[in-house]
Amino acid sequence: MQTPPTPKQQTLLDYLRRTIDTQGQIPSLRQAATDLGISHTAVVQRLKSLENKGYIKREGRYSRTVYLLNRDQETAGVHRWRELPIIGQITAGLPMYAQQAWDGTVVVDGAVFTGDNLFVLRVRGDSMRDVGILDGDLTICQPRQYAENGEIVVALVHNEEATVKRFFLHADHIELHPENPAYPVLRYGFDEVLIQGKVVGLQRGSNSALWEPHPGTSAKRTAPGKH
């Protein structure tokens, strides 16, 4: 049976768990000391005590890599994984992480996808196939209300329809470009489009990865001023 941690050790352990859950990674010793208002030496001493009691495991040079241990003494790799909400319907003004907007969840690698409030949108149709986004894929998105030219975004059109397209801003309108020559470029007034997020990853089946779409030939085909 494990020896219970002291109150100070428990405070550090709770901090580590909380930081992993919210940020997807273990904080540095310096960050832990700053956040907890204690010295670097105190953090090291408490980590050593927690390791001796079987609550954590330290590896690497100077034992700076820290793993939480579960009750079965396996490294808590589960803390590396995080659930992201699949958004069933995007509504203007509704936070992406609002529970009532969810249509299930998907588990991704928290060490790869570390941003706050990431959300997932299921792609319908093949208008973005030429950059590898296929019908039924799950796009992992960083919530944002702005976009740079050429970025692939989730846009809310007319406060009704969410679409994944490449974004371009012009002097008097916004263009949403497909990545499939079978579909036309869409042009809207500034008040007709609300940016909801930037696509940062893609999941197909059980595989997910960071994803920064390369413009490629199709992007050149639809570059502003050349269509």
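We did not get these values from a lab; they are worked out from the coordinates using the rules stated. Bear in mind the structure is a predicted one, so any value in this text is a computation, not a measurement. Note that each Cβ is placed from the backbone with ideal geometry, even for glycine, and that neighbours are counted across all protein chains shown.
Quick notes on this one:
- Amide H contacts of residue 106 (H built 1.01 Å from N, under 5 Å, at least 5 apart or other chain): 84, 86
- Here the 3J(HN,Hα) profile of the stretch 121-138, calculated from phi with Karplus coefficients 6.51, -1.76 and 1.60 at θ = phi - 60°, is 10, 7, 7, 10, x, 10, 5, 10, 5, 6, 10, x, 9, 10, 4, x, 5, 9 Hz, Gly and Pro shown as x.
- Taking amide H as placed 1.01 Å from N in the peptide plane, residue 53 has no amide H partner under 5 Å among residues 5 or more places away or on another chain.
- Each peptide in 47-58, 5-16 gets a packing score, the mean of other Cβ atoms within 10 Å over its residues, and the list from highest to lowest is 47-58, 5-16.
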